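A.B. asks: The structure is given below, and queries will be raised subsequently.
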Amino acid sequence: MSKLRIISVVCLLLLASGAYMLLYEQNIPSSDTYDVEKAIITKSTVKKPSVDLQAHTNEVLEKWQGQHIEPTEWGEHISGVKNRIDTEEKIIALTFDACGGAWGEKYDEVLINFLKEEDIPATLFINARWIAANKEAFMMLAEEPLFSIQNHGTQHLPLSVSGKTAWGIEGTASVEEIIHEIMDNQSLIYELTGHSPAFFRSGTAHYDDLAVQITQELGLTIVNYDVLGDAGATYSATEVEEALLTVGPGSIPLLHMNQPTSGTAEGVMAAIPQLKERGFTFVHLADQPLID
């Protein structure tokens with residue numbers, strides 16, 4: 001496959017006020033090298049880094065190409081998507097998305113510094129566009145043992161075989177586009193850190209069941225949430241605090257670290273001491289048994 005139709009989205013979802021987007025088509029030639037520096041310097045939501053699909057990825061692509069199977073599920077909490085830790089212990093896995101793009105490429109340093117000061121581990125789902133805009137911060141986060149870096153996709157798209165839309169954002173429309181949405185960022189993170197993420201969360205956290213199967217065959221587990229922590233960084237600090245105080249044993253809250261003017265940091269800072277008083281401790285997703 002020498003060329004691939006790429007859909008690019010230049011507007012990050014704003015849950016409270018709606019969303020709009022611009023779509024582009026671009027032919028991207030295959031390459032036997034991944035030009036990390038070019039991807040970082042470009043900082044473009046239109047251009048997309050190309051990647052030489054590895055042998056296993058090609059096996060997955062060959063298996064699914066040409067098949068005409070209709071998906072039977074669509075949404076955030078469908079079969080195969082993990083939403084909680086399977087435990088009765090009072091542990092929580094905080095997760096923070098860094099989405100990138102025109103409205104989401106900033107860095108909530110206050111939030112991250114608080115987590116470091118309080119020695120709170122967290123799992124960070126990071127998009128390729130955010131990495132492009134924040135390479136220095138990304139490398140610092142990747143080197144910090146408190147934080148586990150995971151894959152939040154390349155163009156922040158819903159994951160679908162048929163171009164389904166979530167919150168006004170048109171998703172991937174083929175097996176090839178699913179693979180590039182996942183594996184381009186997977187390769188970028190590996191090239192920069194030497195670490196291959198084990199978990200994936202798509203833009204908008206929406207999938208169809210075939211996309212879930214493909215992701216699993218690529219070797220990643222899809223993780224969403226059971227507590228909507230900040231609703232796309234649109235909640236006030238009080239709303240974030242109240243949402244986090246609804247957690248139970250094994251909860252996985254979804255929050256954001258790319259909107260420093262939102263109420264997320266203040267809400268997290270208010271909720272964490274109360275959760276500690278209730279006996280909760282904080283863990284990474286890695287090595288935890290996960291359930292749908």
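The values are calculated or read from the model by the stated rules, or taken from the named source; none is laboratory data. Here the structure is a predicted model, which means the values were calculated and not measured. In this analysis, Cβ positions are derived from the backbone assuming ideal geometry, glycine residues included, and neighbour counts consider all displayed protein chains. What goes into the accessible areas is simple: the full protein's heavy atoms, side chains included, and nothing from ligands, DNA or RNA. Shrake-Rupley method; radii C 1.70, N 1.55, O 1.52, S 1.80 Å.
A.B. asks: Region 100-246: Rg/Rh from Cα coordinates, Kirkwood Rh?
C.D. replies: Values: Rg = 15.4 Å, Rh = 16.0 Å.
Rg/Rh: 0.96.
A.B. asks: So for the pair Glu59, Glu109, with labels modelled 7 Å out along Cα→Cβ, what separation do we get in nm?
C.D. replies: In this crude spin-label approximation the distance works out to 4.5 nm.
A.B. asks: So, one more: Between Glu136 and Lys276, 0.36 nm times their residue separation minus their Cα-Cα distance comes to what? Kindly include the intermediate steps, with their values, before the conclusion.
C.D. replies: On the way: separation 140, 0.36 × 140 = 50.40 nm, distance 3.15 nm.
Using 0.36 nm per residue and subtracting the Cα-Cα distance, I get 47.3 nm.
A.B. asks: Can you figure out the FRET efficiency of Glu70 with Thr238, using R₀ = 45 Å and their beta-carbon distance, to the nearest 0.05? Spell out each step's value before the answer.
C.D. replies: Numbers: r = 44 Å, r/R0 = 0.97.
With a Förster radius of 45 Å, E is 0.55.
A.B. asks: Report the FRET efficiency, 1/(1 + (r/R0)^6), for Asp292 and Glu144, where r is their Cβ-Cβ distance and R0 is 25 Å, rounded to 0.05.
C.D. replies: Numbers: r = 30 Å, r/R0 = 1.20.
FRET efficiency, Asp292 to Glu144: 0.25.
A.B. asks: Another question, then. Given H placed on each backbone N at 1.01 Å, which residues far from Thr165 in sequence or on other chains put an amide H within less than 5 Å of it?
C.D. replies: Long-range HN contacts for Thr165: Gly171.
A.B. asks: Hey, got the Cα dimensions of region 179-276 along the principal axes, in Å, largest first?
C.D. replies: In descending order, the Cα extents are 39, 29, 24 Å.
A.B. asks: How far apart, in nanometres, would the label points at Gln216 and Thr87 be if each is projected 7 angstrom from Cα along the Cα-to-Cβ direction?
C.D. replies: Simple spin-label model gives 2.4 nm for this pair.
A.B. asks: Follow-up. If DNA, RNA and ligands are ignored and the probe is 1.4 Å, what is the ranking of Tyr207, Tyr107, Tyr225 by accessible area, most exposed first?
C.D. replies: On the way: Tyr207 0, Tyr107 45, Tyr225 20 Å².
Putting Tyr207, Tyr107, Tyr225 in descending order of accessible area: Tyr107, Tyr225, Tyr207.
A.B. asks: Rounded to the nearest 5, what is the percent of antiparallel bridges among the DSSP beta bridges in region 97-178?
C.D. replies: On the way: 2 of 9 bridges.
So the antiparallel bridges in region 97-178 amount to around 20 percent.
A.B. asks: Considering the alpha-carbon set of region 216-262 alone, what are its Rg and its Dmax in angstrom?
C.D. replies: Taking only Cα atoms of region 216-262, I get Rg and Dmax of 12.8, 40 Å.
A.B. asks: Order these peptides, 138-146, 64-72, by their mean beta-carbon neighbour count within 10 angstrom, highest first.
C.D. replies: Numbers: 138-146: 15.3, 64-72: 10.9.
Top to bottom by mean Cβ count within 10 Å: 138-146, 64-72.
A.B. asks: Okay, moving on. Once you put a point 7 Å from the Cα of Ala102 and another 7 Å from the Cα of Trp167, both along the Cβ direction, what distance in nm separates them?
C.D. replies: 1.7
A.B. asks: May I pose another question? Heavy atoms only, 1.4 Å probe, whole protein assembly: order Arg201, Arg84, Arg278 by accessible area, highest first.
C.D. replies: Arg278, Arg84, Arg201
A.B. asks: Over region 114-178, one equal point on each Cα, no solvent: what is log10 I(q)/I(0) by the Debye formula at q = 0.25, 0.27 Å⁻¹?
C.D. replies: -1.00, -1.08
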